[in-house]
Amino acid sequence: MSAEPERIVLLSERISTIANQKIAQINGVTSETKILALNALIESARAGEAGRGFSVVANEVKAVSERIMEIAASLSSELAGSIAELTNLGRSMAEQVRGQRLVDQALNMIEIIDRNLYERSCDVRWWATDAAVVDALENPGGKSVDHASHRLGVILKSYTVYLDLWIADASGRVVANGRPDQYPGVIGSNVSNQTWFRSAMATRTGDDYVAVDIDSEAGLRGAQVAVYSTAVRAGGQSGGKALGALGIFFDWQPQADAVVKGVRLSEEEQGRTRCLLVDARHRVIAASDARGVLTESFPLAISGASRDGHYVDSQGAMVGFALTPGYETYRGLGWYGVIVQALPGATKMFEKR
């Protein structure tokens, strides 16, 4: 169905071609008729008085031929204007239909992400009140820290979308994590300069949380992560003193890949379509072709305060985009869903982007 709008343009162009061919054929026949009429006049003149009646017929044939050519010329002129208008209308309709479809698909991508990340914002606030997590900071020591690590490990077994969970004390030193065997260098590391920790310690209550843009985490072997954090508070109470911070590391790449590669496209469209998630700086944070993630800045052309829209870029590709709408208490981080689609037949347009 995605190629249906383009059929309007193709049909109008086909009609134009057929009309021009048929008018050319009519002109060819009338030209031949005029020549025959001219020859007939010459012969009638040679025949003198006997050929006078034939001369009248030849003149009529010539007049009819000229009239037919005039009609053909008028038809060609009128058809040219109408077909051009039909072609432009078809192109406009095709662009609108294709563009809106891409906008809808881009919005669907970012909505799936929003709903997923909303759950992460709930997880971090809930787990920060877990008795084992609070105890690891209220009563620092071997048993409480070991118990906290065990507890985090139990959580990770049920929540497979996370790579690890970290507890850091007020100084920024990580005292416990959920997978110490898999990531042995985490405990004892200093995260005091990391945005997720500093922002978590600055939250006012336990109802607040922090979400930071996608990045690679060296402590997790360079994996791409979405980090959510909040302060761990005395007694697990919303208004308690901040004792440290809990950071949860969402395994971004496989989850994001499932979204950008899960857009419903026909087999023919897949080769000429690129599905992206970009952050507020237009940095690519997920791509269906796996290129440019965390390194490419996509030249998204947004007009004014538009939350969504579509346009044709400098390479003739249609770009549809939609801003994160957020979900429930998760307001989003200004990310966009973006889909870039070349016209049918342009399968190599992304090679040099």
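No value in this document is a laboratory result; all are computed from the given coordinates. Everything quoted here is computed from the prediction, not taken from an experiment. Backbone-built Cβ (ideal geometry, glycine too); neighbour counts: all protein chains shown.
Side notes on the structure shown:
- With neighbour counts taken as other beta-carbon atoms within 10 Å, the residues THR329, THR30, THR160 rank, fewest first, as THR160, THR329, THR30.
- Projecting the Cα positions of ILE112, ALA148, GLN194 onto the charge dipole of region 96-222 (unit charges on Cβ atoms of Lys, Arg, Asp and Glu, taken about the Cα centre) puts ILE112 furthest along the positive direction.
- Look at GLU66, GLU138 and count the other Cβ atoms within 10 Å of each Cβ; fewest to most, that gives GLU66, GLU138.
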